[in-house]
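Comments concern the structure below.
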Ligand code: SF4
Ligand code: SF4
């Protein structure tokens, strides 16, 4: 009787150590992400391009793309992730570093969609040149504020001087 109980207990603990369906799916997902990252690093290294965003996605709406009349995104892409393939713009996802140069140059709003995860975990999405400009303006403003702060005394010091 005691033996049966201990066998049951051993079987249960073995079962709890075996990954569940969800865990297996997660492991496979992590493995495929790792493989993709390694392939990207391999492809980008000869181009001397540094990656700032580990994760992201890019898509092009074929219904609104001006295609052969335009091709501006292909010219703008620094990594050759975009190319012309049998009547449409093709994407080599492993080469995309989510820089948004293609979005900035696209003549059709919401045709190219780029999303990327920042190192701080926040996700940014861009689908029009103004989305990119808004971010650049925000970065520029922050830099201006940082420079002003570094070159001038803080407000409290001014208040002490003139208050
Ligand atoms: S986001 Fe940058 S790297 Fe990716 S396809 Fe567009 S231009 Fe090329
Ligand atoms: S820039 Fe935009 S409209 Fe022009 S080819 Fe690229 S995706 Fe199409």
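The values are calculated or read from the model by the stated rules, or taken from the named source; none is laboratory data. On a predicted model such as this, the values are computed, not experimentally measured, just so you know. Reconstructed Cβ throughout: ideal geometry from the backbone, glycine too, with neighbour counts over all protein chains shown.
Tell me whether the range 52-60 contains one or more residues that are closer than 20 Å to residue 136 by Cα and within 10 Å of ligand 2 (Cβ to nearest atom).
no
Looking at residue 86 and the list (1) modelled with pLDDT under 95; (2) at positive phi; (3) within 15 Å of ligand 1 (Cβ to nearest atom), which single condition is not satisfied?
The number of the failed condition is (3).
So how many residues does the range 26-59 have that are in contact with a strand residue (DSSP E or B) (Cβ under 8 Å, 6 or more places away or on another chain) and either outside any loop (DSSP other than H, G, I, E, B) or without any contact (Cβ under 8 Å) to a residue 40 or more places away in the chain (or both)?
Of the residues in that region, 4 qualify.
If I filter the range 92-114 down to residues being touching a strand residue (DSSP E or B) at 6+ places or on another chain (Cβ under 6 Å) and within 12 Å of residue 60 (Cα to Cα), which single residue comes out as surrounded by the fewest Cβ atoms within 10 Å (Cβ to Cβ)?
Applying the filter and picking the extreme gives 113.
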